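The values are calculated or read from the model by the stated rules, or taken from the named source; none is laboratory data. Note that the structure is a prediction, hence the values are computed from the model and not measured. In this analysis, Cβ positions are derived from the backbone assuming ideal geometry, glycine residues included, and neighbour counts consider all displayed protein chains. The area values use the complete protein model at the heavy-atom level, side chains included, leaving out ligands, DNA and RNA. Shrake-Rupley method; radii C 1.70, N 1.55, O 1.52, S 1.80 Å.
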Amino acid sequence: MERRKIALIGAGNIGGALAYLAAIKELGDIVLFDVVEGLPQGKALDISHSIPVLASSVSIKGTNSYEDIKDADVCIVTAGIARKPGMSRDDLLNTNAGIMKSVAQGIKKNAPKAFVIVISNPLDAMVTLCQKESGMPPEMVVGMAGVLDSARYRAFLAEEIGVSPVSINAMVLGGHGDTMVPVRSHTTVNAIPISKFVSDARLTEIEKRVRGAGGEVVSLLKTGSAYFSPAASAIEMAISFLNDQKRILPSAVMLKGQYGYQDLYIGAPALIGAKGVEKIIEIDLTDSEKKELDVSAAAVKELVGLL
Ligand code: TXD
């Protein structure tokens with residue numbers, strides 16, 4: 001049986017956190033790629049020194065050559081610039097679009113059968129571009145945003161109610177931006193509707209904080225954006241693929257008519273297994289949630305139109 005191979009395209013803040021989590025969880029042999037000389041090599045060397053202590057058995061290599069990602073099973077893409085205070089995710093479009101084209105070509109040439117998880121912002125446009133430029137099957141190219149946005153929603157609700165975040169079940173759908181859609185009607189505390197615990201007015205305040213949570217971290221850090229939580233979220237998606245878990249995770253996936261959208265990458269409940277996106281689940285949304293999703297879809301379409 002071949003050892004699994006995890007390629008991380010981008011060795012910056014999230015890339016380093018991804019590499020460390022992949023090593024801790026022994027997901028497979030890790031290749032950390034970046035265009036900056038020394039950066040992936042230095043982070044890989046540092047993590048390799050922690051592996052004996054972590055009691056892990058994976059190998060890790062830093063590289064500036066795409067040839068080293070050959071036949072990777074999973075590619076997680078963080079290549080691109082991150083936000084600084086005052087910047088919107090959309091402000092990154094032009095710079096990161098150019099980077100994503102080169103990344104898509106590198107993956108297409110060296111790991112065309114990989115499951116690709118795009119993290120780079122603006123997320124919905126970048127995952128669209130990665131799939132189009134690589135020509136890889138849409139079910140094998142997804143964007144990570146919904147797992148993170150849902151985790152933020154769950155964390156805030158858990159804090160509000162005073163229960164474990166593990167007991168909170170929630171999904172945030174739509175685009176990864178100010179128009180994202182926390183699906184209140186499907187949010188529960190271990191199957192108990194959230195309305196039993198939190199008032200509508202307070203839920204509206206919390207959902208507003210969810211939409212601004214990325215910016216909240218950026219304004220505190222001042223030098224970049226969140227990286228621990230995006231890394232953990234992408235690793236959850238990778239494990240569902242690698243272990244054929246068939247978990248239903250909110251992911252930026254290519255819709256083919258679901259929710260009334262055609263050929264549009266946007267956050268939706270996706271069943272992720274060994275074949276990639278094996279099913280996209282259509283849940284019943286309230287009229288206001290569907291309206292919010294339509295607004296979000298329109299914002300994504302407008303952004304993708306600028307590519
Ligand atoms: O939920 C989400 N999807 C978002 C995504 C959550 C947080 C951050 N989000 C975005 O991820 C963020 O706005 C950025 O667009 C990416 C990566 O964020 P990160 O914080 O890791 O950015 P860094 O630390 O600047 O790292 C980016 C690396 C850096 O080392 C560059 O040298 C490298 O990308 N880079 C490249 N790698 C490969 N190929 C090319 N062409 C390239 N250009 C730059």
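Screening the range 157-266 for helices (runs of 4 or more DSSP H) wholly inside it with 1 or more residues that are more than 16 Å from the ligand (Cβ to nearest atom) and either over 19 Å from residue 140 (Cβ atoms) or open to solvent by 80 Å² or more (accessible area, probe 1.4 Å) (or both) returns the ranges 200-211. Scanning the range 279-307 for residues that are open to solvent by 70 Å² or more (accessible area, probe 1.4 Å) and touching a strand residue (DSSP E or B) at 6+ places or on another chain (Cβ under 7 Å) gives 279, 301.
Which residue is nearest to residue 6 (Cα to Cα), if the candidates are limited to the range 54-103 and must be of a type in the set (Lys, Arg) and within 11 Å of the ligand (Cβ to nearest atom)?
Step one: list which residues in the range 54-103 are of a type in the set (Lys, Arg), which gives 61, 70, 83-84, 89, 101.
Checking which are within 11 Å of the ligand (Cβ to nearest atom) leaves us with 83-84, 89, 101.
On the way: 83: 26, 84: 29, 89: 27, 101: 20 Å.
That would be 101.
Annotation note: of 28, 10, the sole residue that is touching a residue at least 24 places away in the same chain (Cβ under 8 Å), within 16 Å of the ligand (Cβ to nearest atom) and on the phi > 0 side of the Ramachandran plot is 10. Which residue, of 226, 158, is of a type in the set (A, V, I, L, M, F, W, C) and under 14 Å from the mean Cα position of the chain (by Cα)? On inspection, the qualifying residue turns out to be 226.
Checked against (1) in contact with an Asp or Glu (Cβ under 7 Å, 6 or more places away or on another chain); (2) away from the ligand (no atom under 16 Å from the Cβ); (3) in a helix (DSSP H, G or I), residue 147 meets all criteria but (2). Residue pairs whose Cβ atoms lie under 6 Å apart, separated by 6 or more positions or on different chains, with the first residue in the range 89-100 and assigned by TED's automatic domain parsing to the domain that holds residue 126 and the second more than 10 Å from the ligand (Cβ to nearest atom) and open to solvent by 50 Å² or more (accessible area, probe 1.4 Å), are 97/307.
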